[in-house]
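Report on the structure given below.
The values are calculated or read from the model by the stated rules, or taken from the named source; none is laboratory data. Note that the coordinates shown come from a computational prediction; the quantities given were computed from them, not determined experimentally. Glycine also receives a Cβ, built like all others from the backbone with ideal geometry; neighbour counts cover every protein chain displayed.
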Ligand SMILES: [Zn+2]
């Protein structure tokens, strides 16, 4: 065999094109690489595609692009490989070194930059030795057919799934990541599409959802569901952000606004296998309450409106509201409906019991009530009020 006729091809795959900050140039980021040797005369487009697909099984049946590095250019300049003529050009560029670099990119990543035709592809980011070693081990496993993570059985995320908007789609990705213990990155997110990938270098998992014709909902159009990463230990705890938890527990909090953090914790543990710190859950519950019922401060500002609305709907009632003269903050609120007053005079014993209980919200205070007994010896409320404390003033 004439060794001069052997040519090494360095395949770089699993990464994507990224814009170099502030420059109209692209660099290849992430992924791993493998060097294979071929006889120069055997190299053609079909061979490159065959080799690419045996290295990256997940690319079978998917659209992807090949680019080659023009030898000697620095920062690196890449040219697309579309036909056998491009392959010939590639070999001509490398006749001195007998080594070429071929970059594999899934088609979707190119779509992100469709408006950047004048952008030069260049500058491969150096891969650290350790990550290459790790990826090689994983790739070997894959070639033996020993390690293929299948997550397709997950019904929540599949091609065709619809989500109300982009944020509920992201919420679903996060839930999936927590359930399956992997990290993810949002690669692109704008009005028309959301693309997420696995955060592990070289792992092919990725999902893409696009805006539907109704202008708000998002539909999953592409999903590469297999992971080649080892997963992240306790990734769930890191991925479970307060916003995610708040969204997740919204229904629980709606049914029972006073649900304890411990109950929420038990719930998240059975559903997602998460064990989260008490304070994180407490803050999430506060956020969920705020999203559902508005903030406490905001609600106090509605009291004057509540008063006028109650008066409008219950004419003849006695309702009064007192606020601080200086800063207009809430002081007292008294309600006695006309029906209660009429009921008291019509059928109750003229003996009134008054009591109060302490309120445990942010601003404390007391809830006072005036009750009496009706003809059946049942409790009958005549009036109630919220005040700062039980005092002669109030
Ligand atoms: Zn992964």
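In the set (1) more than 16 Å from the ligand (Cβ to nearest atom); (2) surrounded by fewer than 17 Cβ atoms within 10 Å (Cβ to Cβ); (3) in contact (Cβ under 8 Å) with a residue 24 or more places away in the chain; (4) farther than 30 Å from residue 361 by Cα, the condition left unmet by residue 254 is number (4).
When segment 194-210 is filtered for residues that are more than 10 Å from the ligand (Cβ to nearest atom) and crowded, with 18+ Cβ neighbours inside 10 Å, the ones remaining, listed by number, are 194, 195, 196, 207, 208, 209.
For beta carbons closer than 7 Å, sequence separation of 6+ or different chains, a first residue in segment 193-222 that is on the phi > 0 side of the Ramachandran plot and touching a residue at least 12 places away in the same chain (Cβ under 8 Å) and a second that is part of a strand (DSSP E or B) and within 16 Å of the ligand (Cβ to nearest atom), the qualifying pairs are 202/32.
When you look at residue 114, is it in a helix (DSSP H, G or I) and modelled with pLDDT under 85, yes or no?
no
Just one of (1) within 30 Å of residue 63 (Cα to Cα); (2) surrounded by fewer than 13 Cβ atoms within 10 Å (Cβ to Cβ); (3) more than 16 Å from the ligand (Cβ to nearest atom) fails for residue 185. It is (3). Here 217, 161, 175 are screened, and the one residue that is more than 15 Å from the ligand (Cβ to nearest atom), surrounded by 14 or more Cβ atoms within 10 Å (Cβ to Cβ), modelled with pLDDT of 90 or more and outside the structural domain of residue 107 (by TED's automatic domain parsing) is 217. Criterion first (out of contact with any strand residue (DSSP E or B) (no Cβ under 9 Å at 6 or more places or on another chain), more than 29 Å from residue 225 (Cβ to Cβ) and either surrounded by fewer than 17 Cβ atoms within 10 Å (Cβ to Cβ) or at pLDDT below 75 (or both)) does residue 154 satisfy it? No; evaluated as a whole, the condition is false for this residue.
Against the condition at pLDDT 90 or above and either in contact with a strand residue (DSSP E or B) (Cβ under 6 Å, 6 or more places away or on another chain) or within 16 Å of the ligand (Cβ to nearest atom) (or both), how does residue 310 come out, does it pass? Talk me through it step by step, then tell me what you get.
On the way: at pLDDT 90 or above: yes; either in contact with a strand residue (DSSP E or B) (Cβ under 6 Å, 6 or more places away or on another chain) or within 16 Å of the ligand (Cβ to nearest atom) (or both): yes.
Here the answer is yes, as residue 310 does meet what is asked.
Flag: residue 306 does not match the condition of being under 30 Å from residue 243 (Cα atoms) and in a helix (DSSP H, G or I).
Apart from one condition, residue 232 fits all of (1) at pLDDT below 90; (2) within 30 Å of residue 265 (Cα to Cα); (3) in contact with a strand residue (DSSP E or B) (Cβ under 9 Å, 6 or more places away or on another chain); the exception is (3). Of the residues 315, 304, the single one that is at pLDDT 90 or above and assigned by TED's automatic domain parsing to the domain that holds residue 383 is 315.
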